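Enquirer: One structure coming up, written as structure tokens, with questions to follow.
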Amino acid sequence: MTSLEIEYCHPCGFLDRALDVQAAVMRSFGGELESATLTVGDHGVFVVRVDDAVVFDVSEESFDVDEIVRAVRADL
């Protein structure tokens, strides 16, 4: 099965974003995932990984929950 990891910067206040992405992905693909974990980071990080492959990195793209869900779908 597939695992999802959301690494987010706690000092930057990205927890709410991480929870929004986690909830959206779980609503869409919950039955297809083995796990959906949040990992605390720092230095502005917000990265979404599916089975260790980066599908979203805020340093390269604008934050958009719908786009992130589409990126997860493409990697499943």
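The values are calculated or read from the model by the stated rules, or taken from the named source; none is laboratory data. Small disclaimer: the values here were computed from a predicted structure and weren't measured. Note: ideal-geometry Cβ built from the backbone for every residue, glycine included; neighbour counts use all protein chains shown. Surface areas here come from the heavy atoms of the whole protein model, side chains and all, with no ligands, DNA or RNA. Shrake-Rupley method; radii C 1.70, N 1.55, O 1.52, S 1.80 Å.
Enquirer: Can you tally the net charge around SER3? Count Lys and Arg as +1, Asp and Glu as -1, for every other residue whose Cβ sits under 9 Å from the Cβ of SER3.
Expert: For residues surrounding SER3, the net value is -3.
Enquirer: Once you put a point 7 Å from the Cα of ASP51 and another 7 Å from the Cα of THR2, both along the Cβ direction, what distance in nm separates them?
Expert: My value for the distance between the label points is 0.9 nm.
Enquirer: Given that compact globular proteins tend to follow 2.2 N^0.38 Å, what is the ratio of the alpha-carbon Rg of the chain to that value?
Expert: 0.98
Enquirer: Give me the net charge for the shell around ASP51: Cβ to Cβ below 13 angstrom, other residues only, Lys and Arg +1, Asp and Glu -1.
Expert: Charge balance near ASP51 sits at -4.
Enquirer: Have a look at the DSSP beta bridges in the chain and tell me what percent are antiparallel, nearest 5.
Expert: 55 percent
Enquirer: Keeping all protein chains in place, calculate the accessible area per residue for the chain (probe 1.4 angstrom), answer in Å².
Expert: Accessible surface, normalised per residue, equals 57 Å².
Enquirer: Find how much the distance from ASP64 to THR37 grows on full extension, using 0.36 nm per residue of separation minus their present alpha carbon separation; answer in nm with one decimal.
Expert: Contour length minus the Cα-Cα distance gives 7.8 nm.
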